[in-house]
Structure formats: C-alpha cells, structure tokens
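A single structure is presented below for examination.
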Amino acid sequence: MNLFGSIQRGLPLLSALPKQWKIVILDIKDCFFSIPLCHQDRPRFAFTIPALNHMEPDKRFQWKVLPQGMANSPTMCQLFVKAALEPVRQYFPSLLLLHYMDDILLCHKDMMLLQKSYSFLIKMLNQWGLQIAAEKVQISEVGSFLGTIIFPDKILPQKLEIRRDHLHTLNDFQKLLGSINWLRPFLKISSAELKPLFDILKGDSHISSPRALTPAANKALQVVENALQNAQLQRIEESQPFNLCVFKTAQLPTAVLWQDGPLLWIHPNASLARVIDWYPNAVAQLALHGLKAAVTHFGRDPKLLIVPYTATQVQVLAATSDDWAVLVTSFSGQIDNHYPRHPILQFALNQAIVFPQVTAKNPLPEGIIVYTDGSKTGVGAYVTNNKIVSKQYNETSPQIVECLVVLEVLKAFPGPLNIVSDSSYVVNAVNLLEAAGVIKSSSKVTDIFQKIQAVLLHRRFPVYITHVRAHSGLPGPISRGNDLADQATRVVAAALSSQVDAARNFHKQFHVTAETLRHSLCIDQKGG
C-alpha cells in the first residue's frame, strides 16, 4: 500500500473567523462507515473469523466501507468529504467553510445566507451518501469546535485539567506537554518559563522510564494553570489591520499577532539546533515565523512589525546577520519598536534589551592586545607585550582549553581589550555569547560559555576578538604573537611530558607510592 500522507497540515485557526459573524457547526454521522469502497477493492480488505473448535467452516467477510485502522483511511475520508463540500464553496464564495475530518463549521455575517448555505450543504452531503448527526448541530452565538469554544468576539480553549498524581513516566510527561503545546497559541507563556518541564523529557528514552516532577517543573505547571484562567484569542476585525509584535522575553523571544487583543501567540521551538542561540537572530527567526503564520491563517501581512530594537540597531543587524537581512528584505511593511499600550503586553517590557553592548565589531585602538592558544595536551597560554602566561587544564580538546584561556584573559584584563585567537570556534562563540539567549545544556562547554557570558555582561569596557590562521609563516606582529602563544603551549607540554615519563620509569623500576614519586621527582600534586 502506498501511504498518502497528510493532506491537511494543521488545525484551522479560529481567531481568523471575523468578529460577530454568525456560525453553524455540524458533525458528519459515522463518516468512515458512510464512505463506500470500490467493488474491485473490496476483496483486498477481506478477513476471516475462525470457527470455535473448528465446529464449522470459518466465516469470511470483506469491508464494503472505508476500514477503520487502515493507514490511508483518514486521508481518504478527508478527500471524500472535501469533494462533497466543493459545490458549497463554489455556490457561496463569500462563505467561510471550515472542514477537518468529519467536523464542519459555516461562518458568515448574513444569517439568511448562512441558513441557505446550510440547507444546500445538507443536500450535497446526502447526494454523496453522508448524513449529519442532528443532535450535534449547533446554531447559536456560542459553539464548540475542535476543542475550543467560539464566542462572537473571542475564542477560548477548553479547560485542561492538570493532574500531578499521574505523572510518573516519560510517557506521562510527554502527553502532558503535548496538551500544553496544543494550547500555547492561546498562552503568553515564554519558553523560559516552560523550560523546567521540557528538561524532564531528557534522559532515558524508554517510554516507561521513570520521571519525577521537580520543584521548578511544578512551578512551571502553576504558571500554566494561572495562564489558562485568562487564556483567550480575539476574533479578527476583518476591515482593520493587525500587527506582529516580537517581545524580548527571558532566554528566547515571544511573539503575538495583535489587533486590540491577541489573535495568535507564537513561540520558538523548544529544541535548540545550536549550542549558542544568538538572541537577535532568534528575534528575526521568530518574526519570520510570525509573518508566515499571518499569511497562512489570515491571508495577508501585518501592517507593522514591532521588535525590541531601534531603527539604527535594525540597520546594524540587517548588515551583519543573514536572518535579519532576509527579514528586512522580505517584509514590505514598517518595522517599529513602539509596542501597543495594553495590560496583556506589559509582561515583557521590563526585560533588558538584548543587543551587543560590550562585544566590538572593530579593533580597539586604545585596547591591549592579547594572543591566546590551547593545545590537546591541556596546556593553554596567552601572550601580551611579549610576556607569556601558561596554565595546565584538565581537558584534551584544544577548543575547550582555548575557551578557558579566553575566560582567564577576560578576567585578567578588565579594560579595553583586543584578543587574537587561532580558533574560529572560540572567536565565533565569544562574539555570540553576550547576546545569547539560551546555551544548549547538553554541550560539554555549556558551563564555560555561561561563565564567559557572565564576565561579558559585567564588563564596563569593550572587547574585540578576531581570528588569525595558525602557522601561516607570514611576517608581522600578529603572526609572531600567535606563534609565541603556540610555542608556549608546546614547551609546557613537553616539560610536563618529560616529568610524567620519568615518573613512570621510576615507578616501573622501584614500585614506589605516588607520594614518594612526587617528593623524589619534585612533581606537584596536580602534575602527579
């Protein structure tokens, strides 16, 4: 069997229903069992029921209607109902007709036209052998559709009961977070507030592996419960424009499509693709996501894109960031930084502006120059004014060692500072860290990056870091400074290696204790 796959990429957004338009909601009765299979296909869906104790021949049957449980049945159901509804869409072009599986919603501002379209729809369904469930028809100002409650001016999610006594395994938490994620378009909860819950999903991948609700996760659930009390989306005012607002919430931004109230809350992906997520890029990516959502659900762009950056900062970002360049060139409207005055939107306005303040883009003429290097032997070194400082670290990755050296340099030189490194990995990381929103916790360098970020955020004077190719053989002070730092790591490593080799030979010959080795060969405790 060739799988059809999904032909409807998601649920319709009900806040796209114009405000005060009338609605009719109905449900197709026994939809699967009302869709006949072609006669030539029925033998392909034959099955046998064995006779008890072989007392008679086995009974053989075949499906005459769409079988439940077949992989393609949901898709075939959608296609069949879609074909039945097509004449209704063509005959009433101004009618909003929402169809998802066997659920149908009709919406129009004229009640008489709505009643005509409803009668015509019943007729079309009957011609295709489909019947509506009369007891489930809703013709009123308030109705329930696809798990939400529709009012004339707003949309409310159905209440989610969060039971903590059932949360014991990975599967339990996965289901809970799936329900919360389904409700997030209604909720102004930032990703940082839900992070303790997302963290519970990490670890043992077995579906029944044990999990426990941490104090931080319990606090996050309380935030969800409080948000659910007031969760709602506004139905759109068809004749008025709407805006896209991106807020500088903690760690990752949060966005909303806004028209005198929230039309849709938009959140970034909880799973990070990079170790360091640069906050300005996260803002641009979420803005692009919001623009796509606006066109997908409302068929038009927002009038304003409101971001937490001034016009000058937007120009700088567009010139230095690919994400911002794409955003600025793809959005034809106005980019602003003045948010609507509304109590709902005050939750993010007290956060600090996340924009590079200390990390410079150009060399600092008044700054001291420091050359850094790290080796796989764990030796790191930095050079300034031909003075060499080296240190042994308990690491074997050159990148991690150089990160530790840069951290030492940032602490040792609080004034204007130029750092020259032959590790592009370290240079790129330091340039991102000041304005990084989230640092991926699963990375080995997370702790070091967090310390570098903390030092950068507390610096008063700027720092510039740049990359130089190692062992280039070029003349001049930059190559010479890098060579000095590189040689320093090799000399210290060689000295340490000689001590270690001597200790091994001494121990092999005399079988002495580690304490005796240290005293005999003058090795400090760290070297031993």
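I'm trying to understand the selection: among the residues of the range 296-324, which are farther than 30 Å from Arg9 by Cα and free of Cβ contacts under 8 Å to residues at least 24 places away in the same chain?
Thr312, Val314, Gln315, Val316, Ala318, Ala319
Now for a different question. Answer yes if at least one residue in the range 196-203 is at pLDDT below 85, within 19 Å of Asn181 (Cα to Cα) and not in a loop (DSSP other than H, G, I, E, B), and no otherwise.
no
Looking only at strands (runs of 3 or more DSSP E) that lie completely in the range 8-124, which have at least 2 residues being within 30 Å of Phe151 (Cα to Cα)?
The qualifying strands (runs of 3 or more DSSP E) are 22-29, 96-100, 103-108.
Criterion first (out of contact with any helix residue (DSSP H, G or I) (no Cβ under 7 Å at 6 or more places or on another chain), more than 30 Å from Lys19 (Cα to Cα), surrounded by 17 or more Cβ atoms within 10 Å (Cβ to Cβ) and not aliphatic (A, V, I, L, M)) does Phe80 satisfy it?
So Phe80 passes the test.
Let me ask another. Of Leu327, Leu404, which residue is touching a residue at least 40 places away in the same chain (Cβ under 8 Å), closer than 30 Å to Gln234 by Cα and either outside the structural domain of Arg469 (by TED's automatic domain parsing) or not in a strand (DSSP E or B) (or both)? Break it down into steps so the answer makes sense when it comes.
On the way: Leu404 fails: closer than 30 Å to Gln234 by Cα.
Only one candidate passes the filter, namely Leu327.
Report, ordered by the first and then the second residue, all pairs with beta carbons closer than 9 Å, sequence separation of six or more or different chains, a first member in the range 170-195 that is within 23 Å of Ala293 (Cβ to Cβ), and a second member that is part of a helix (DSSP H, G or I) and hydroxyl-bearing (Ser, Thr, Tyr).
From the range 170-195, the pairs are Pro185/Ser15.
For the range 102-146, which positions are of a type in the set (Gly, Ala, Ser), exposed (fewer than 13 other Cβ atoms within 10 Å of the Cβ) and in contact with a strand residue (DSSP E or B) (Cβ under 9 Å, 6 or more places away or on another chain)?
Within the range 102-146, the first condition is being of a type in the set (Gly, Ala, Ser), and the residues that meet it are 117, 119, 129, 133-134, 140, 143-144.
In the following step, the residues that additionally are exposed (fewer than 13 other Cβ atoms within 10 Å of the Cβ) were identified as 119, 129, 134, 140.
Matches in the range 102-146: Gly129, Ala134, Ser140.
Here's something else I'd like to know. Just give me the residues in the range 204-243 being charged (D, E, K, R), assigned to a helix (DSSP H, G or I) and either at pLDDT below 85 or closer than 29 Å to Ala287 by Cβ (or both), in sequence order.
Across the range 204-243, the qualifying residue is only Glu225.
Test Gln222 against the stated conditions and say whether it is over 30 Å from Pro18 (Cβ atoms) and over 15 Å from the mean Cα position of the chain (by Cα).
Values: over 30 Å from Pro18 (Cβ atoms): yes; over 15 Å from the mean Cα position of the chain (by Cα): yes.
Against the criterion (over 30 Å from Pro18 (Cβ atoms) and over 15 Å from the mean Cα position of the chain (by Cα)), Gln222 qualifies.
The values are calculated or read from the model by the stated rules, or taken from the named source; none is laboratory data. None of these values were measured; they are calculated from a predicted model. Because the Cβ atoms are built from the backbone with ideal geometry, glycine has one as well, and the counts that use them run over all protein chains shown.
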